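Notes follow once the structure below has been shown.
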2 protein chains.
Amino acid sequence: MTAPEHSSDRPLAGLRIVEISSFVASPLCGLTLCQLGAEVIRIDPLGGAADTGRWPLTGTGASIYWTGLNRGKRSIGLDLRSESGQDIVRRLVTAPGPGNGILVTNTGGRAWMSHDTLCALRSDVITLELLGRRDGRPAVDYTVNAALGFPQITGPSDHDGVVNHVLPAWDIAAGLHAALAITAAVHRRATTGAGSHIVLPLEDVALATAGTLGYLTEVQVNGTGRPATGNDVYGTYGTDFVTADGVRFMVVALTSRHFRDLTALTGTQETVAALETALGADFGRESDRFEHRDLLTALFARWFRSHDADEAGRALAGSSVLHERYRTFEQVVRSGDLERNPLFATLSQPRIGEYLAAAMPASFDGVHLRTGPAADLGSDGREVLREVLALDDAEIAALTDTGVLAEPPRS
Amino acid sequence: MTAPEHSSDRPLAGLRIVEISSFVASPLCGLTLCQLGAEVIRIDPLGGAADTGRWPLTGTGASIYWTGLNRGKRSIGLDLRSESGQDIVRRLVTAPGPGNGILVTNTGGRAWMSHDTLCALRSDVITLELLGRRDGRPAVDYTVNAALGFPQITGPSDHDGVVNHVLPAWDIAAGLHAALAITAAVHRRATTGAGSHIVLPLEDVALATAGTLGYLTEVQVNGTGRPATGNDVYGTYGTDFVTADGVRFMVVALTSRHFRDLTALTGTQETVAALETALGADFGRESDRFEHRDLLTALFARWFRSHDADEAGRALAGSSVLHERYRTFEQVVRSGDLERNPLFATLSQPRIGEYLAAAMPASFDGVHLRTGPAADLGSDGREVLREVLALDDAEIAALTDTGVLAEPPRS
């Protein structure tokens, strides 16, 4: 079930957000707010921002990445170096009405659209500026992560070097923090009338998360950080196993019950009990299971090596043990899981084709909130200026004639 | 600068949220809402939930993890199997007042506190249920990630196997999605009076993110997913280099300017130009820089191998190239960066000690929103029942005498 886009039922219906952004975090913020029902107007410089042609691409060169992150938004192309282009941005952001007055950007502190500049035009404006480093220097997910410590404890324990994460986890967290901060600021404005100047450095997203989860705290309190544990889950029992036919499973025994089930299904109860006595350990305790994980893994691995993936999968499914068979993205897509999951629905995306696109993961009252396709760059300029700024045809023609406003692309 | 906790200035001041949760995602949701100014009452079963003693621990066995994720919350211990314990939960969640009526939980669809049960007591209740799998089966970050595809494309390209990410990225994204969904639902309730029944499966958080970022779309559209690229950034030029003294740098040249600067600082302009001609490539194009990254990296690596970390760091700092020296968590803590960053402030955490704890990464009007320490398990029970449910001393004594309400811990 899908609510009509911008239906008044959506949680953020009635809000209008201006986004001037590129790459992952700030476009993800805009997409998420759009899924929640806000109208998002993405403004790009003429010809598009730096991320317009970002990989992955289709065979004909269209960016799967860009269209994925900009679904549902309205698109305007403006000459942002011109005085009149900048004027239009300011007027769009500070248009009257309780739902207007919100700007999301990652383009740094440009004076012509700074919080103070906008605040002078509309005192309750809400601006969010996504930065790389706190001091405004640029940074990306990969550099932030390198400086923080995770690549040092990721990867095979015998690997001499660092392993970057592939998922841009800090960008994702930053995009969601941004959407949350905007929504919280909207709530406050509705309550007290106050606007907000929100600053969100990618670097601080990573540091705050690493702090909250204990990675930085344990160094401060205990003097050392945690060691690399390869594919083993830290602090509990969990690792990966290979079956007789070379299939890999991730297995996690978080509780005593999970662990008892894992020993039962691998037929290792007696050996594990003998080990427990000999080591003076108590495998009812999570910490003892973690401490002796290498021995336990060696025991369980024998069972996995002598059973094929189907047998292992059936045995695990019949137990309480948390488990999954490792899959590639290709296997996920070909499994039929997306078709069976109401989170996904067919999207017809111009320049890309038809594909199963995800809604936002939180459903509201059983409804998955999804948007339409990404617009072609600059295709909504005239309509938005007519609607939001009440410009007439002559005014719009003057803007396109002088090259300030991008013409909609020829189809 | 720090706003007083629960000051009326904070964006979510005046909200009261009941959290019954464990592990990472739902406690992170509660912490984040608390930083934004909401009062969060965490209810645990007697003796604590399954995550009470989770690693990392201090030398005396206190959980750095638990205290980090539960900062600022009020704590009640209740016998959740008893009728009267369940009754108190329902009364706390559905207490009258515009800020009440919000529940966050990851404990699955227990009938006695289901959305429908609570909705019968307060029609505009907002509940958020965090699930593992969509169908209610349990799942954790590691199993969700295994089933999705990232471990197959992470790690050294010559590594035969999968590499789990260490950062629980899906838990973090789920916690932030949960905080966002609650805040958006609060906004809608204030506007329309309607409550919300929000369901958020961890599995769907991962699938939606992988879909939005193109990992699942490219398989559907192009027939194949992206290959493993080791530490190389996908679709642009970026990788890690080792200096003469064995220090590692992550270097990203996102734009043509970055790339020109990188060739200049490594003195490879002529060789790169010759290569460009010989290959028929255009290194002004991001995609050509990515395609030929192995050759380019081999060239640049010679420069890094013949310079030490200080020289390399200075040269990079004098250029536009995005870069960071890889650090361990220990190096981050010992660098003094946390002391210099206003995101962090000293927190005196009972049972843990004093440490620099992070606020939320988004600052509002220059203010970093932080909370006090985590309460001891069950220490706020009497006060909360007095305040929210207006119970008198005799009623509270009856609850402690019958073992329904946990006594505050002896200090």
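Below is a table of values for the structure above.
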{"read-out": "Backbone HN-Hα couplings from phi across region B:144-155 [Karplus 6.51/-1.76/1.60, Hz, Gly and Pro as x]", "value": "4, 5, 4, 6, 9, x, 4, x, 6, 10, 10, x"}
{"read-out": "Global geometry of the protein assembly as shown, whether rounded, prolate or oblate, following the gyration tensor of its Cα atoms and the 1.5 cut on a/c", "value": "oblate"}
{"read-out": "Region B:325-411: trypsin sites (Lys or Arg not before Pro) in DSSP loop, at most 13 other beta carbons within 10 Å", "value": "B:Arg410"}
{"read-out": "Karplus (6.51, -1.76, 1.60) ³J(HN,Hα), θ = phi - 60°, over region A:238-249, in Hz, Gly and Pro reported as x", "value": "x, 6, 10, 10, 10, 8, 3, 9, x, 8, 10, 10"}
{"read-out": "Square roots of five times the Cα gyration tensor eigenvalues for region B:146-302, Å", "value": "41, 18, 17"}
{"read-out": "Overall dimensions of region A:299-411 by Cα: Rg and Dmax, Å", "value": "25.1, 79"}
{"read-out": "Across the identical copies, how the A:Gly136 labels are spaced - nm, sorted shortest first, 7 Å along Cα→Cβ", "value": "5.5"}
{"read-out": "Debye-sum result for region A:248-325 in log10 I(q)/I(0), which assumes one identical scatterer on each alpha carbon, at q = 0.18, 0.22, 0.23, 0.26 Å⁻¹", "value": "-0.68, -1.02, -1.11, -1.39"}
{"read-out": "Translational D in µm²/s for region B:126-209 (Stokes-Einstein at 4 °C, 1.567 mPa s, Kirkwood Rh from C-alpha pairs)", "value": "91 µm²/s"}
{"read-out": "Cβ neighbours within 10 Å from other chains - mean over A:47-59", "value": "4"}
{"read-out": "Relative packing of A:200-208, A:71-79, which averages over residues the other C-beta atoms within 10 Å, highest first", "value": "A:200-208, A:71-79"}
{"read-out": "Candidates per GluC sites (Glu not before Pro) in region B:288-384, loop by DSSP, up to 16 other Cβ within 10 Å", "value": "none"}
{"read-out": "On Cα atoms only, tilt of B:256-265 relative to the major axis of chain B in degrees", "value": "60 degrees"}
{"read-out": "Coil-residue chymotrypsin sites (Phe, Trp or Tyr not before Pro) of region B:1-92, DSSP, other Cβ within 10 Å capped at 13", "value": "none"}
{"read-out": "Amide proton proximity set for B:Gly101, modelled H, under 5 Å, gap of 5+", "value": "B:Ala95"}
{"read-out": "Three-way shape call for region A:1-119 based on the alpha-carbon gyration tensor, with the a/c threshold at 1.5", "value": "oblate"}
{"read-out": "Other-copy label distances relative to B:Asp310, 7 angstrom Cα-Cβ extension, nm", "value": "6.5"}
{"read-out": "Peptide B:153-162 - average C-beta neighbours from other chains (10 Å radius)", "value": "5"}
{"read-out": "FRET E, pair A:Glu407, A:Ala120, Förster distance 35 Å, beta-carbon r, rounded to 0.05", "value": "0.65"}
{"read-out": "For A:His159, label point 7 Å along C-beta direction: distances to other copies, nm", "value": "0.2"}
{"read-out": "Spin-label zone in region A:217-250 - amide nitrogen under 18 Å from a point set 7 Å from the Cα of A:Asp308 along the C-beta vector", "value": "A:242-249"}
{"read-out": "Solvent-free Debye scattering, log10 I(q)/I(0), computed from the Cα coordinates of chain B at q = 0.09, 0.10 Å⁻¹", "value": "-0.70, -0.83"}
{"read-out": "Region A:315-411: relative contact order in percent, alpha carbon pairs under 8 Å with at least 6 residues between", "value": "16 percent"}
{"read-out": "Relative contact order of chain B, pairs being alpha-carbon contacts under 8 Å that are 6 or more residues apart, as %", "value": "19 percent"}
{"read-out": "Compactness relative to 2.2 N^0.38 Å, alpha carbon Rg of region A:72-193", "value": "1.37"}
{"read-out": "Amide H partners (placed H, <5 Å) of A:Leu15, local residues excluded", "value": "A:Glu39"}
{"read-out": "Mean projected area (nm²) of the alpha-carbon convex hull when region A:210-365 is viewed from all directions", "value": "13.8 nm²"}
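Each reported figure results from applying straightforward, stated rules to the coordinates on display, with no laboratory input. Computed from a predicted structure; not experimentally measured. FYI the Cβ positions are ideal-geometry reconstructions off the backbone, even for glycines, and counts take in every protein chain you see.
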